[in-house]
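Enquirer: My questions will all concern the structure given below.
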Amino acid sequence: MEHRTTVILLLLAVVVAALPAPSHGWGVDGHIIVCQIAQGRLSDAATKAVNDLLPSDASGNLSSLCSWADKVRFRYHWSAPLHFIDTPDNLCTYNYDRDCKDEEGVKDRCVAGAINNYTSQLLTYAPSSSSSSGQYNLTEALLFLSHFIGDVHQPLHVGFSSDRGGNTIDVHWYRRKTVLHHVWDVNIIETAEKDYYDKGTDEFVDALNKNITGEWSGKVQGWEECSKNLTACPDIYASEGITAACDWAYKNVTEDSTLSDDYFDSRLPVVNLRLAQGGVRLAATLNRIFGQKAK
């Protein structure tokens, strides 16, 4: 009986290992990259506020908790729809009033609505109030906002309704079976780290920061800006996302496609750009939030 149980457990382990990992947003490394870029661009006031709001065991390192929102999805069931936006198939456009809702049609329950909500919560911060303003848990608001600004920059987090942002499109990433969404969450980043960045996320961040201050330097101010004097601009980021999804993520991909060097080489620059934009915009948003509190 013991031998039979051991065999069953081993078979289950093999089956589980063969299944594609669940897709929640940029993978852990993607969120680390976005938050490391952001933390290096924070103003003094924003740095002080972020350090004040982070738990003491984070040692002032925002990136160490940038995947927290994925880890609590099963505890905070209500938060699941806040990681993405579903748009009408093949329109390749985003409209907040049309698209920002959950599966039950409840308005504002999407990643753009969540960014607006947690930005508003953080605007209640005052140094004397520390992690709580009385009405809100501002530590959680900071972690949610940091995560969701990362998510909205992953192109398939603003994807088509019928395939749930590529989650139901089976593909092979080289020889491994997965889904298209997971390719963009994890596989492209992991392959880039394996091929180009031996030291992992730190080296990846260094490369992106060099582009931010070099090749992309003329565009950075435009990335940081918010129209109509808004504190956060998720509609801009979401509109860019569905465009990138149509132009790059979905393009020339069908059920059971094998995606390898051609796909990787042509899509990695898109991933690099979106990670960099996410980090720059997270910093700009936090600087606006906490800069207002410093006046």
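Enquirer: Taking S266, is it among the small types (G, A, S) and closer than 15 Å to V183 by Cβ? Working first, answer last.
Expert: Values: among the small types (G, A, S): yes; closer than 15 Å to V183 by Cβ: yes.
Yes, satisfied.
Enquirer: Out of curiosity, is T243 surrounded by fewer than 18 Cβ atoms within 10 Å (Cβ to Cβ), among the β-branched types (V, I, T) and in a helix (DSSP H, G or I)?
Expert: yes
Enquirer: Separate question: Taking I32 as the residue in question, decide whether it is of a type in the set (A, V, I, L, M, F, W, C), out of contact with any Leu (no Cβ under 6 Å at 6 or more places or on another chain) and at pLDDT below 95.
Expert: no
Enquirer: Just to be sure I understand, how many residues within the stretch 45-70 are more than 16 Å from the chain's Cα centre (by Cα) and in contact (Cβ under 8 Å) with a residue 60 or more places away in the chain? Steps first, answer last, please.
Expert: Filtering the stretch 45-70 down to residues more than 16 Å from the chain's Cα centre (by Cα) leaves 45-61.
Then drop every residue that is not in contact (Cβ under 8 Å) with a residue 60 or more places away in the chain, which leaves 45-46, 48-50, 52-55.
So the count comes out to 9.
Enquirer: Continuing with the same structure: Is there a residue being part of a helix (DSSP H, G or I), at pLDDT 95 or above and exposed (fewer than 14 other Cβ atoms within 10 Å of the Cβ) anywhere in the stretch 247-255?
Expert: So far as the stretch 247-255 goes, yes, one or more of its residues are part of a helix (DSSP H, G or I), at pLDDT 95 or above and exposed (fewer than 14 other Cβ atoms within 10 Å of the Cβ).
Enquirer: While we're here: Go through (1) in contact with a Leu (Cβ under 8 Å, 6 or more places away or on another chain); (2) surrounded by fewer than 16 Cβ atoms within 10 Å (Cβ to Cβ); (3) of a type in the set (G, A, S) one by one and return the number of the condition G222 breaks.
Expert: Of everything listed in (1) in contact with a Leu (Cβ under 8 Å, 6 or more places away or on another chain); (2) surrounded by fewer than 16 Cβ atoms within 10 Å (Cβ to Cβ); (3) of a type in the set (G, A, S), G222 misses just condition (1).
Enquirer: With in contact (Cβ under 8 Å) with a residue 12 or more places away in the chain, in contact with a strand residue (DSSP E or B) (Cβ under 6 Å, 6 or more places away or on another chain) and not in a helix (DSSP H, G or I) as the only criterion, which of V171, V183 stands out?
Expert: Sole residue among the options that is in contact (Cβ under 8 Å) with a residue 12 or more places away in the chain, in contact with a strand residue (DSSP E or B) (Cβ under 6 Å, 6 or more places away or on another chain) and not in a helix (DSSP H, G or I): V171.
Enquirer: I would also like to ask the following. Select from the stretch 191-206 the residues that are of a type in the set (D, E) and within 15 Å of V28 (Cα to Cα) and list them in ascending order.
Expert: Listed by number, the residues that qualify are E193, D202.
Enquirer: Tell me whether the stretch 121-141 contains one or more residues that are touching a helix residue (DSSP H, G or I) at 6+ places or on another chain (Cβ under 9 Å), over 23 Å from F290 (Cβ atoms) and of a type in the set (G, A, S). Spell out the reasoning first.
Expert: Taking the stretch 121-141 as the starting set, the residues that turn out to be touching a helix residue (DSSP H, G or I) at 6+ places or on another chain (Cβ under 9 Å) are 121-127, 129-133, 135-141.
Now restrict to residues that are over 23 Å from F290 (Cβ atoms): none.
Checked the stretch 121-141: no residue is touching a helix residue (DSSP H, G or I) at 6+ places or on another chain (Cβ under 9 Å), over 23 Å from F290 (Cβ atoms) and of a type in the set (G, A, S).
Enquirer: Name the residue that is surrounded by the most Cβ atoms within 10 Å (Cβ to Cβ), counting only residues in the stretch 48-81 that are outside any helix (DSSP H, G or I) and in contact with a helix residue (DSSP H, G or I) (Cβ under 6 Å, 6 or more places away or on another chain).
Expert: In this case the residue turns out to be C66.
Enquirer: If I filter the stretch 282-291 for residues that are assigned to a helix (DSSP H, G or I) and farther than 17 Å from Q39 by Cα, do I get at least one hit?
Expert: no
Enquirer: Working carefully through the options L259, L230, find the one that is crowded, with 16+ Cβ neighbours inside 10 Å and among the hydrophobic types (A, V, I, L, M, F, W, C).
Expert: That would be L259, the only listed residue that is crowded, with 16+ Cβ neighbours inside 10 Å and among the hydrophobic types (A, V, I, L, M, F, W, C).
Enquirer: Among the residues that make up the stretch 82-93, is at least one of them in a helix (DSSP H, G or I), modelled with pLDDT of 95 or more, surrounded by 10 or more Cβ atoms within 10 Å (Cβ to Cβ) and not basic (K, R)? Explain how you work it out, then say what you get.
Expert: Within the stretch 82-93, the first condition is being in a helix (DSSP H, G or I), and the residues that meet it are 82-83.
Of the ones still in play, those that are also modelled with pLDDT of 95 or more are 82-83.
From the residues that got through so far, the ones that are surrounded by 10 or more Cβ atoms within 10 Å (Cβ to Cβ) too are 82-83.
Narrowing the set further to residues that are not basic (K, R) leaves 82-83.
Yes, the conditions are met somewhere in the stretch 82-93.
Enquirer: Quick check: anything in the stretch 126-149 of a type in the set (V, I, T), in a loop (DSSP other than H, G, I, E, B) and either within 21 Å of W68 (Cβ to Cβ) or in contact (Cβ under 8 Å) with a residue 24 or more places away in the chain (or both)?
Expert: No - not one qualifying residue is present in the stretch 126-149.
Enquirer: Checking E190 against (1) of a type outside the set (S, T, N, Q); (2) in a helix (DSSP H, G or I); (3) more than 28 Å from I85 (Cα to Cα), which test does it fail?
Expert: (3)
Enquirer: Can you pull out the residues in the stretch 193-219 that are surrounded by 15 or more Cβ atoms within 10 Å (Cβ to Cβ), in contact with an Asp or Glu (Cβ under 8 Å, 6 or more places away or on another chain) and not in a helix (DSSP H, G or I)?
Expert: The answer is Y197, and nothing else.
The values are calculated or read from the model by the stated rules, or taken from the named source; none is laboratory data. For clarity, every value in this text was computed on a predicted model and none was experimentally measured. In this analysis, Cβ positions are derived from the backbone assuming ideal geometry, glycine residues included, and neighbour counts consider all displayed protein chains.
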